[in-house]
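Nothing in this text is a laboratory measurement; each read-out follows from the coordinates by a stated rule. Every value quoted in this text rests on a predicted model; they were computed, and no experiment measured them. Every residue, glycine as well, gets a Cβ built from its backbone with ideal geometry; the counts of neighbours run over all protein chains shown.
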Amino acid sequence: MSETLEALIEQWDGLGVVASYHAGTGSWIFIALHDDTLGRPTGGCRLKTYATPAEGLKDAMRLAEGMTWKWAAMGFGYGGGKSVLAVPGPMRGEARRSLLTRFGQILNVLGGAYRVGEDLGTTPRDMAFLAGVTNSVAGCSAGIEAGGHAVDPGPFTAAGVHEGILAALAHIDGTRDMNGRTVLVQGAGDVGGPLARLLGRSGARVLVCDLDADLARTVAEECGGGVVEPLAVYETPCDVYAPCAIGATVNRRTIPVLRCRIVAGSANNQLETAEDAQRLRERGILYAPDYVINGGGAMAFGLMESGISDSGELERRVRSIGRTLTRIFRDADDRGIAPTEAARALALATLAEGPRDVEIQVTGDAGR
């Protein structure tokens with residue numbers, strides 16, 4: 001029996017949800033606000049087709065909670081929030097603009113209680129259009145008609161994942177040298193593509209998988225790598241498996257057949273269940289907690305909100321994710337626990353300290 005909207009709301013520990021049905025497109029709009037301990041709930045907007053409206057709400061809730069842990073692990077003064085536009089099918093042209101307009105009007109009613117950015121299914125152009133309706137868009141100060149443009153978080157997320165992979169290799173091998181290392185990137189889109197290119201420039205042998213075979217081939221050629229068919233991903237030998245598409249690919253079915261030493265990618269909710277972290281540990285596979293390693297795009301937006309706009313400086317700050325992961329890996333080893341538990345302890349300690357400034361100063365050489 002499928003879950004209902006009422007049951008999901010009753011079971012959730014978040015602050016609350018906003019739900020609206022947009023009759024013009026047959027879409028549901030969900031805004032999930034999980035926690036505001038550190039600051040205003042902030043997170044991306046996902047546009048996707050779900051089997052039921054309840055599935056869309058469940059995704060928004062799950063992702064909003066993930067944003068709470070993401071901001072806390074990074075030490076930024078934002079809270080956990082996420083929005084989902086649950087659409088009945090492809091949404092283009094005037095229908096898409098109509099849906100985004102309604103979404104923006106709802107954000108205006110919230111009066112700044114939630115700030116939004118790009119996520120799966122939405123684009124920088126969508127955010128630029130939305131900025132013409134509401135001032136609650138992160139990374140874009142003007143609407144598209146006023147010449148505004150939204151920053152693409154993908155390359156910043158990729159930079160953070162790249163640094164996280166280097167930190168993971170350094171932890172188990174004592175070196176950040178990528179030469180001779182094989183990384184399998186699953187998903188060659190807005191994050192996976194830039195990540196594959198960064199890895200190729202670092203000397204790694206890159207394997208690319210994507211449901212779009214032409215895209216996989218193009219990205220693989222750009223970084224001098226090869227292509228792996230979707231059905232062969234989990235059994236392909238590699239040093240690092242980088243899931244950069246859908247979540248829950250690391251589970252009780254795939255973990256026994258994985259032939260990697262590290263799982264480190266950009267996808268949200270890579271583990272199907274919490275128990276999968278221990279399953280990886282028992283197999284001797286190092287896991288970089290997803291909400292830490294994939295925080296680069298969110299971090300870049302947070303830094304831009306604090307007045308930092310230089311792309312080079314933004315990337316330098318984003319690469320501090322490597323240092324955070326090094327701390328998590330060491331703590332996990334010292335305590336004999338999974339990295340997910342160490343990451344949660346770090347986030348809980350930050351939440352216990354209470355509200356803070358939007359940006360915590362990052363010092364030293366990022367990730368080193």
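Brief remarks on what is shown
- For the range 208-257, alpha-carbon Rg relative to the globular expectation (2.2 N^0.38 Å, N residues): 1.17
- Sparse-neighbourhood loop sites, chymotrypsin sites (Phe, Trp or Tyr not before Pro) in the range 1-63 - DSSP loop, at most 14 other Cβ within 10 angstrom: none
- One quarter of the convex hull surface built on the alpha carbon atoms of the range 100-225 amounts to 9.5 nm², the projected area averaged over directions.
- For the chain, the longest principal axis of the alpha carbon atoms and the long axis of helix 154-173 meet at an angle near 30°.
- Note that the range 285-301 has calculated 3J(HN,Hα) couplings of 9, 7, 10, 8, x, 4, 6, 8, 5, 9, x, x, x, 4, 4, 4, 5 Hz, one per residue in order, obtained from phi through the Karplus relation 6.51 cos²θ - 1.76 cosθ + 1.60 (θ = phi - 60°); glycine and proline are x.
- The range 27-69 and the range 173-242 have Cα centres separated by 29 Å.
- For the range 247-307, alpha-carbon Rg and Dmax in angstrom: 13.9, 46
- Here's how it looks for Gly121: its modeled amide H is under 5 Å from those of Leu47, which are all 5 or more places away or on a different chain.
- Per-residue 3J(HN,Hα) values for the range 98-103, derived from phi via the Karplus relation 6.51 cos²θ - 1.76 cosθ + 1.60 with θ = phi - 60°, read 5, 5, 5, 4, 4, 4 Hz in sequence order (x marks Gly and Pro).
- Length-normalised contact order of the range 1-58 in % [C-alpha pairs under 8 Å, at least 6 apart]: 34 percent
- Prolate/oblate/rounded call for the range 153-280, Cα gyration tensor, a/c under 1.5 rounded: rounded
- Gyration tensor verdict on the range 20-122 (Cα atoms; rounded if a/c is under 1.5, prolate if a/b is larger than b/c, oblate otherwise): prolate
- Length-normalised contact order for the chain - Cα pairs under 8 Å, 6+ apart - percent: 16 percent
- Three-way shape label, the chain, alpha-carbon gyration tensor, a/c 1.5: rounded
- Over the range 260-361, the ratio between the Cα radius of gyration and 2.2 N^0.38 Å evaluates to 1.16.
- Charge tally for Thr25 (other residues, Cβ to Cβ under 9 Å; Lys, Arg +1; Asp, Glu -1): +2.
- For the listed peptides 121-133, 68-80, a ranking on the average number of other beta carbons within 10 Å per residue, highest first, reads 68-80, 121-133.
- When you count the other C-beta atoms within 10 angstrom of each residue and take the mean per peptide, 13-19, 246-252 line up highest first as 246-252, 13-19.
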